[in-house]
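Worksheet: the structure to be examined is printed underneath.
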Amino acid sequence: MVVERRGTIGRVSPPDQHRRASGQPRRDAGGRGAVLAAVVDVLLTDGFEGVSIRRVATRAGVSIGAVQHHFPTKDAMLEAAMEHASEVVAEDVRAALAAPGPPAERLRAVVAALVGARPDQRPATVLWVARLARAEVHPPAAQRHAEEWGFLEQLLDDLLAAALPALAAAPRAQEAAALLALADGLAVAVAREPARMPPGRALAVAAAHLDRLLAG
């Protein structure tokens with residue numbers, strides 16, 4: 001993941017001002033960004049099985065050779081799309097960590113970012129879920145997912161340590177794991193079942209859990 005841990009929480013790079021507000025890659029008129037945006041579009045509409053060099057070329061409005069110039073294989077396209085999803089999540093987490101306020105407020109901001117309730121966060125959430133499915137049959141994807149999940153759990157643990165200094169290490173680790181599982185489940189529900197779990201409800205569920213946790 002692009003977010004880097006640098007010893008203390010909050011020492012992070014500033015948010016990337018060049019990422020598209022939609023969470024999609026920048027479309028650069030036939031360049032790599034346009035092809036990657038087409039890969040993401042195909043993944044969102046047709047799933048892994050629908051991704052092919054020919055279909056991506058059609059969606060991007062470029063030649064097959066242009067697609068192969070940037071992504072010679074289907075695996076290369078999928079890897080780039082998964083990396084894009086990680087970058088979007090990382091960008092949101094960086095922005096949350098950079099927000100002013102006490103540790104408890106930064107914890108709330110990070111959890112809200114992981115819930116992915118904004119409309120522009122949905123593509124990254126769907127891609128994140130798709131990568132988890134791919135991890136079942138693709139060991140490198142499984143390793144990458146485990147590394148990023150481990151980082152996020154540790155980040156939440158660090159935020160909890162700052163917000164609740166009296167909480168012992170073992171229960172704090174359990175709470176960090178529970179928070180990550182809650183945010184992950186809510187993000188999937190918002191992306192896949194918006195009628196049952198609209199963004200406002202998801203954020204309210206997360207906030208209520210944090211209220212109870214921070215109240216001690």
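Laboratory data are not the source of any read-out in this text; all were calculated from the coordinates shown. The structure displayed is predicted, hence computed values, not measured ones. All Cβ positions, even for glycine, are placed from backbone atoms using ideal geometry, and neighbour counts span all protein chains on display.
Between residue 212 and residue 192, what is the spin-label point distance in nm, taking each point 7 Å from the Cα along the Cα→C-beta axis? Once both label points are built, they end up 2.3 nm from each other. The slack in the chain from residue 168 to residue 146, taken as 0.36 nm per residue of separation less the alpha-carbon distance, amounts to 5.4 nm.
Charged side chains reduced to their Cβ positions (Lys and Arg at +1, Asp and Glu at -1) give the chain a dipole of some 460 debye around its Cα centre.
Computed over every Cα-Cα pair of region 78-214 and binned at 10 Å starting from 0, the pair-distance distribution P(r) comes out as 12, 43, 35, 10, 0 percent.
Using Cα atoms only, what is the angle between the long axis of helix 32-46 and the major principal axis of the chain, expressed in degrees (0 to 90) to the nearest 10? Taking Cα atoms only, the helix is inclined about 80 degrees.
Peptides 136-143, 52-59 ranked from most to least packed by the mean count of surrounding Cβ atoms within 10 Å: 52-59, 136-143.
Comparing Cα centroids, region 99-123 and region 164-216 end up 11 angstrom apart. For the chain, the longest principal axis of the Cα atoms and the long axis of helix 103-115 meet at an angle of about 30 degrees. For region 135-216, a crude dipole built from +1 on the beta carbon of Lys and Arg and -1 on the beta carbon of Asp and Glu, taken about the Cα centre, is about 300 debye to the nearest 20. Projecting the Cα atoms of 154, 143, 112 onto the charge dipole of region 78-214, computed from C-beta unit charges around the Cα centre, puts 112 farthest toward the positive end.
A simple spin-label model places pseudo-atoms 7 Å from Cα toward Cβ; at residue 74 and residue 201 they are separated by 3.6 nm.
Summary of packing: across the peptides 124-133, 31-40, 144-153, the per-residue average of other C-beta atoms within 10 Å ranks them, highest first, as 31-40, 124-133, 144-153. Here the Karplus relation 6.51 cos²θ - 1.76 cosθ + 1.60, evaluated at θ = phi - 60°, turns the backbone of region 166-171 into coupling constants of 7, 6, 5, 4, 5, x Hz, with x for every Gly and Pro. Protection proxy ranking of 106-113, 185-192, by the mean of other Cβ atoms within 10 Å over each peptide's residues and highest first, is 106-113, 185-192.
As a length-normalised measure over Cα pairs under 8 Å and 6 or more apart, the relative contact order of the chain settles at 20 percent. Equivalent ellipsoid of region 140-216: semi-axes from √(5λ) of the C-alpha gyration tensor, largest first, are 23, 20, 7 Å.
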